[in-house]
Amino acid sequence: MTTSTITKMTAPPSTAYKIVGVPEAYADVIKRHGIPGTFVGSSEQESPWVPFGPNAAIRHLLFDTRHNIFSNILWIKSAGVIGTHKHRGTVVMICLEGSARYLEYDWIAAPGSFIYETPGLVHTLVSDNPSGVKLFGWLQGPVEFYDDNGNFVETVDVWWFIHHYESYCREHGVPINKQLYI
Ligand SMILES: [Fe+2]
């Protein structure tokens, strides 16, 4: 690409550190019906690591019950396997630390790797890394887990993830963080 074909970047128009009011024709509608964004800090008080089997934990970040969307960080603590599962929705993942792969594919996710999963996929997540893996995930729709013989075990969806988070908080005296619910 030559410099003459590169689109000149004109935004952002300012470097001033100030809050700027902008025109909004439907400000009153947004005020009445809009859903505010959310923020979850990094402390365990804001969202603890909740055990997920003997060698893994989940740090819940968001529950959207309207769209059956749930976001979290999955931590496999050392080399190990997360059971075979089938997706009924879409998943976006980024590898944050360590490494992981699926037995069914030939790639290995390392920090910064991007993973996109679609309805109908069936696969088995493993980490061969002694330090395991941390995966940020944005998941939509149910996930079905199967045993070693291909027998259906359980469906996990937004309700399952809320229950997983809240039951741990109740048992350990951690306050339920309303910021996780949109
Ligand atoms: Fe998956």
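Listed residues Ile108, Ile58, Ile82; which is without any contact (Cβ under 8 Å) to a residue 24 or more places away in the chain, surrounded by 13 or more Cβ atoms within 10 Å (Cβ to Cβ) and within 16 Å of the ligand (Cβ to nearest atom)? I'd like the intermediate steps shown before the answer.
Numbers: Ile58 fails: without any contact (Cβ under 8 Å) to a residue 24 or more places away in the chain; Ile82 fails: without any contact (Cβ under 8 Å) to a residue 24 or more places away in the chain.
Just one listed residue meets the conditions, Ile108.
Return the residue satisfying two criteria in turn: it lies in segment 114-128 and is open to solvent by 30 Å² or more (accessible area, probe 1.4 Å) and out of contact with any Ser or Thr (no Cβ under 8 Å at 6 or more places or on another chain), and of such residues it is nearest to Trp49 (Cα to Cα). Can you show your working first?
Kept after step one, since they are open to solvent by 30 Å² or more (accessible area, probe 1.4 Å), are these residues of segment 114-128: 114, 116, 118-122, 128.
Filter again for out of contact with any Ser or Thr (no Cβ under 8 Å at 6 or more places or on another chain), leaving 114, 120-121.
Numbers: Phe114: 23, Gly120: 29, Leu121: 27 Å.
This residue is Phe114.
Tell me which of these Glu97 doesn't satisfy, since it passes every other one: (1) assigned to a loop (DSSP other than H, G, I, E, B); (2) within 20 Å of Leu139 (Cα to Cα).
(1)
In segment 69-78, is there at least one residue being more than 17 Å from Phe161 (Cβ to Cβ), open to solvent by 60 Å² or more (accessible area, probe 1.4 Å) and modelled with pLDDT of 95 or more?
Yes, some residue in segment 69-78 is more than 17 Å from Phe161 (Cβ to Cβ), open to solvent by 60 Å² or more (accessible area, probe 1.4 Å) and modelled with pLDDT of 95 or more.
Every residue in segment 129-148 that is farther than 19 Å from Leu61 by Cβ and open to solvent by 80 Å² or more (accessible area, probe 1.4 Å), please.
Pro130, Ser131, Asp148 - these are the residues of segment 129-148 that are farther than 19 Å from Leu61 by Cβ and open to solvent by 80 Å² or more (accessible area, probe 1.4 Å).
Which residues, counting only those in segment 132-154, are in a strand (DSSP E or B) and touching a residue at least 60 places away in the same chain (Cβ under 8 Å)? Please lay out each step first, then the result.
Pass one, segment 132-154, residues in a strand (DSSP E or B): 133-140, 143-146, 152-154.
Within segment 132-154, Lys134, Leu135, Phe136, Gly137, Trp138, Leu139, Gln140, Phe145, Tyr146, Val153 qualify.
Of all residues in segment 22-77, which are among the basic types (Lys, Arg) and not in a loop (DSSP other than H, G, I, E, B)?
In the first step, residues of segment 22-77 are kept if they are among the basic types (Lys, Arg); the result is 31-32, 59, 66, 77.
The answer is Lys31, Arg32, Arg59.
The values are calculated or read from the model by the stated rules, or taken from the named source; none is laboratory data. Not measured: the values here are computed from a predicted model. Positions of Cβ are backbone-derived with ideal geometry, glycine not excepted, and every protein chain shown enters the neighbour counts. Protein only, heavy atoms only, side chains kept; ligands, DNA and RNA dropped before computing areas. Shrake-Rupley method; radii C 1.70, N 1.55, O 1.52, S 1.80 Å.
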